[in-house]
Amino acid sequence: MLPQASRVIAVERETRDTFTFTVAAPGGGSGFAPGQFSMLSVFGVGEAPISISGDPGEPDRLVYTVRSVGPVTQALVTRRPGEWIGVRGPFGASWPLAALRGKDILIVAGGIGLAPLRPAVYYVLRRRGDYGRLVLLYGARSPQDMLYRKQLSAWSYLPDTQILTTVDYGGLSWRGHVGVVTTLFRYARFDAQRTAALVCGPEVMMRFVLRELETRGMALSDVYVSMERNMKCAVGFCGHCQLGPHFVCKDGPVFPAARVKRLMERYEL
Amino acid sequence: MKIPDVLETLRHLPFVKNFEPDQIEKLAVLAHEGRFERDQIIFREGDASSFFYLIVSGKVALEVTALGRTLRVQTLGDGEALGWSSLLVSEGKHFQARALTAVRALVFDGARLREACEQDPAFGYRLMRAVFEVLAQRLQAMRIQLLDLYSPASARA
Amino acid sequence: MRLEAKELASLIETLRRDGYEVVGPTVRDGAIVYDAIEGLEDLPRGWTDEHAPGRYRLLRRPDNALFGYVVGPQSWKRFLLPPRVRLFSVRRNGDQPEIIADASAEPPPKYAFLGARACELAALAVQDRVLLGGPYADPIYRNRRQDVFVIAVQCTQAAPTCFCSSMGTGPKLSGGYDIALTEVVEGAESWFVAHAGTEAGAARLAALGAPEASPQDVARAEEAARRAESMITRRLNTAGLRERLAENFEHPQWDDVARRCLACANCTLVCPTCFCVTVEDTSDVTGSHAERWRLWDSCFTQSFSYIHGGPVRASIKARYRQWLTHKLSSWHDQFGTSGCVGCGRCITWCPAAIEITTEAEAVCGFPPSSLRSEQA
């Protein structure tokens, strides 16, 4: 459970407050599954849970997309290539992609919630024949807040792939969709009967998305969500990440939606 | 566009999914086709409301200017309704609408629609139900938008 | 086996000689606390404790009993899950940080716990399950726990805050110890009936060379144990409790208790099963040396559930509800057992005299099992 020192290889600015950085996987890397997270440390400042946003097909490097929202994430995003951070993990339950072979994959992401879903996209693209359509709906606050814009644009040209993006507010130079992420569903082409949906974003957004998915004829049993809670240990000992009967760190962060939908609707649970 | 073509187009729009066939015909009679070029302003904020639109194809952005900066607050696409305020008397347009792409739409004169509703309350009820659904969806979407979901709570409070 | 005080003294002495740090009850700051002891003279001889919701007092006993009290504020968890422990230090080695594990560097003391009660042994079993029973084991807890030698003491009295019999954890000792003692007070002095729970316990008892307890001695000890049972007046109706608490997420009782609860975290600190911790980094000014410490935390603090910008459980209502429903309901889902052992500490040490038993039954709509205690 001790962190391992890992060297930062590259840092890339995504938005005003969000950076993607790549570190050498400790010990050459033991691999990770899409949807898992690590505990990242800046020694002397603290530790925070951060989703892995890189390609599971490249286990020798770990990629994280970090938004600066507190002291630890602020310290993380100011690391420069060559500097060291502490890494523990990977931890947690992943998107059950192996079990979803043969299905269309619908990914719904909001804001920084795209980060833990990007490995799922890489995974499906590496095994394209194993899956049907790949549909990605992504909402961000504004065009300046969108992650991975070039990559999303590149993916949109792939066959059987639909990438739809939206922003809550756009300026005159934004010719894309404006409206909350649920307003994209009317343009998404997927067969509800043979689709599995993977959802990550702010909890309130996920609640609206779950409702929308049900309206579109999807069964909750085909829907997975990634939850966020305060975490200190990532292995179920610190008690911080409890969500009713679940520990988000070890029972999640990815949950079947049917297991947590009721809990998500309970205020201040 | 001839009335039979308008009728055919109208029939395929989700807006009329709960209309009786004769009610769809009644609506079709009131419509004419409109075409807008990319970047054309369809209406401006404050315009005395006159037209109601059902978008057949293309994208329309609703815009508002605040502090010298124009923001796009919503985009509407195929099958969506635009300009609902024309169904109310003496309401100016709340936003500016701009075609983001070439747009084809069915255009209805608001005053004539209101008149038809008054004369045939069953038709009027059906139409208002459909508009009400549109408004409910817009209101829900707007509420979610207001939550400013993607900002940290601290920046919102 | 029947032990006199001098044999108990020699048991402590041999444990100490064998490298154990013997931890037992002692009087400090007006309370009976657990601390390292050297001999019988450190024990709370002639003291007893008075408990009521929000009230705790030490009183003199008319005799010289060594274990004539119920439970103090602390439990054994402070030795196995220390309130403050360094996880590691980081030293700059050139530019690469070198991470030095603390827990494995210096072996923890080998503890002998003297005076553990039935509810406390149940609490140890609960913490074992939480910290050792899952896919990960906490190495700090494991290192401290694995060699613990337990000398349990049978309760012969109970407080109005005790409800172990409702939780199925006591007052009768039923395992989890190496040696069990029952103290029998005769006149001003006392003697013990001892029996072993493990081979290690049996070996240590045999080495004392004490006589077998007579049937009369055993009967006296059993009578003393029954007295504790008969003194327990507090009850918690556990039938359907877990389910009802989970269902009654919205209930006016939560608002009611939230008006009284100060969110002071006393209940979580004195609870023998509460295990929540946080971590804290420190560094020197040059940044060449940093440390990470693990500290007890409490679900009653706002920061406990904080995620970027705000706490998930902002209200005291939500935090009290989290604590109580975790203890009595979701703990079952997580660990297959209740998180409450009925020791009553959270009742005694609540400055607002909130009683978990009363609150839980009210939320469930059960008629109160115990009479509401009179405020002292």
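Scan the stretch C:306-322 for residues that are within 14 Å of chain B (Cβ to nearest Cβ) and touching a residue at least 12 places away in the same chain (Cβ under 8 Å) and jot them down. Before the answer, list the steps.
Pass one, the stretch C:306-322, residues within 14 Å of chain B (Cβ to nearest Cβ): C:306-314.
Listed by number, the residues that qualify are C:Arg313, C:Ala314.
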Would you confirm whether any residue within the stretch A:162-183 is within 26 Å of A:Leu62 (Cα to Cα) and either part of a helix (DSSP H, G or I) or away from every other protein chain (no Cβ under 14 Å) (or both)? yes
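Going through the stretch B:53-91 one residue at a time, which ones are at the interface with chain A (Cβ under 9 Å from one of its Cβ atoms) and of a type in the set (Val, Ile, Thr)? Quick ask: steps written out before the conclusion?
Quick first cut of the stretch B:53-91, residues at the interface with chain A (Cβ under 9 Å from one of its Cβ atoms) only: B:59, B:61-63, B:69-80.
Hits for the stretch B:53-91 are B:Thr70, B:Val73, B:Thr75.
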Scan the stretch A:215-269 for residues that are in the same structural domain as A:Ala115 (by TED's automatic domain parsing), in a helix (DSSP H, G or I) and not acidic (Asp, Glu) and jot them down. A:Thr215, A:Leu220, A:Ser221
Can we say C:Ala246 is on the phi < 0 side of the Ramachandran plot, assigned by TED's automatic domain parsing to the domain that holds C:Tyr69 and surrounded by 15 or more Cβ atoms within 10 Å (Cβ to Cβ)? no
All conditions in (1) within 14 Å of chain A (Cβ to nearest Cβ); (2) within 14 Å of C:Phe163 (Cβ to Cβ) are true of C:Asp255 except (2)
Check C:Lys110 against each of (1) touching a residue at least 60 places away in the same chain (Cβ under 8 Å); (2) under 19 Å from the mean Cα position of the chain (by Cα); (3) within 14 Å of chain A (Cβ to nearest Cβ); (4) over 18 Å from C:Gly342 (Cβ atoms) and name the one condition it does not meet. (3)
Out of B:Ala66, B:Ala81, sole residue that is among the aliphatic types (A, V, I, L, M) and over 18 Å from B:Asn18 (Cα atoms): B:Ala66
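Please go through the stretch A:21-52 and pick out each residue that is among the aromatic types (Phe, Trp, Tyr) and either part of a strand (DSSP E or B) or more than 13 Å from every other protein chain (Cβ to nearest Cβ) (or both). Even if it seems obvious, please write down each step before you answer.
To start, the set of residues in the stretch A:21-52 that are among the aromatic types (Phe, Trp, Tyr) comprises A:21, A:32, A:37, A:43.
Matches in the stretch A:21-52: A:Phe21, A:Phe32, A:Phe37.
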Specify the residue that is surrounded by the most Cβ atoms within 10 Å (Cβ to Cβ); the eligible residues are those in the stretch B:1-43 that are among the small types (Gly, Ala, Ser) and touching a residue at least 60 places away in the same chain (Cβ under 8 Å). B:Ala31
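Output the residues belonging to the stretch A:189-214 that are among the β-branched types (Val, Ile, Thr), in contact with a strand residue (DSSP E or B) (Cβ under 7 Å, 6 or more places away or on another chain) and not in a strand (DSSP E or B).
A:Val209 - this is the single residue of the stretch A:189-214 that is among the β-branched types (Val, Ile, Thr), in contact with a strand residue (DSSP E or B) (Cβ under 7 Å, 6 or more places away or on another chain) and not in a strand (DSSP E or B).
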Pairs needed: first member in the stretch B:58-80, surrounded by 21 or more Cβ atoms within 10 Å (Cβ to Cβ) and part of a loop (DSSP other than H, G, I, E, B); second member anywhere, among the β-branched types (Val, Ile, Thr) and at pLDDT 90 or above; C-beta distance under 9 Å; at least 6 residues apart or different chains. B:Lys59/B:Thr75; B:Lys59/B:Thr101; B:Lys59/B:Val103; B:Glu80/B:Ile55; B:Glu80/B:Val60; B:Glu80/B:Val134
Can you tell which of A:Val225, A:Val248, A:Val260, A:Val180 is touching a helix residue (DSSP H, G or I) at 6+ places or on another chain (Cβ under 8 Å), at pLDDT 95 or above and either among the basic types (Lys, Arg) or buried (at least 21 other Cβ atoms within 10 Å of the Cβ) (or both)? A:Val225
Residue within the stretch A:129-138 that is part of a helix (DSSP H, G or I) and crowded, with 17+ Cβ neighbours inside 10 Å present: no
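Every residue, every condition in (1) under 13 Å from A:Asp168 (Cα atoms); (2) within 11 Å of chain B (Cβ to nearest Cβ); (3) touching a residue at least 40 places away in the same chain (Cβ under 8 Å), yes or no:
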| site | (1), (2), (3) |
| --- | --- |
| A:Ala109 | no, yes, yes |
| A:Arg118 | no, no, yes |
| A:Arg127 | no, no, no |
| A:Asp130 | no, no, no |
| A:Leu136 | no, no, no |
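With a cut-off of at least 2 residues that are of a type outside the set (D, E, K, R), within 18 Å of C:Glu361 (Cα to Cα) and out of contact with any Lys or Arg (no Cβ under 8 Å at 6 or more places or on another chain), name the helices (runs of 4 or more DSSP H) lying wholly within the stretch C:213-319. Walk me through it before giving the result.
Details: elements: C:215-231, C:241-247, C:252-260, C:266-270.
Output list reads C:241-247, C:252-260.
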Identify the single condition in (1) of a type in the set (Gly, Ala, Ser); (2) without any contact (Cβ under 8 Å) to a residue 40 or more places away in the chain; (3) more than 14 Å from chain A (Cβ to nearest Cβ) that B:Gly110 does not satisfy, given that it satisfies every other one. (2)
Against the condition more than 19 Å from C:Tyr306 (Cβ to Cβ), crowded, with 24+ Cβ neighbours inside 10 Å and either touching a His at 6+ places or on another chain (Cβ under 9 Å) or in contact (Cβ under 8 Å) with a residue 60 or more places away in the chain (or both), how does A:Cys200 come out, does it pass? yes
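The values are calculated or read from the model by the stated rules, or taken from the named source; none is laboratory data. Worth saying up front: this structure is predicted, and the values here are computed from it rather than measured. Counting neighbours? That spans all protein chains shown, and the Cβs are built from the backbone with ideal geometry, glycine included.
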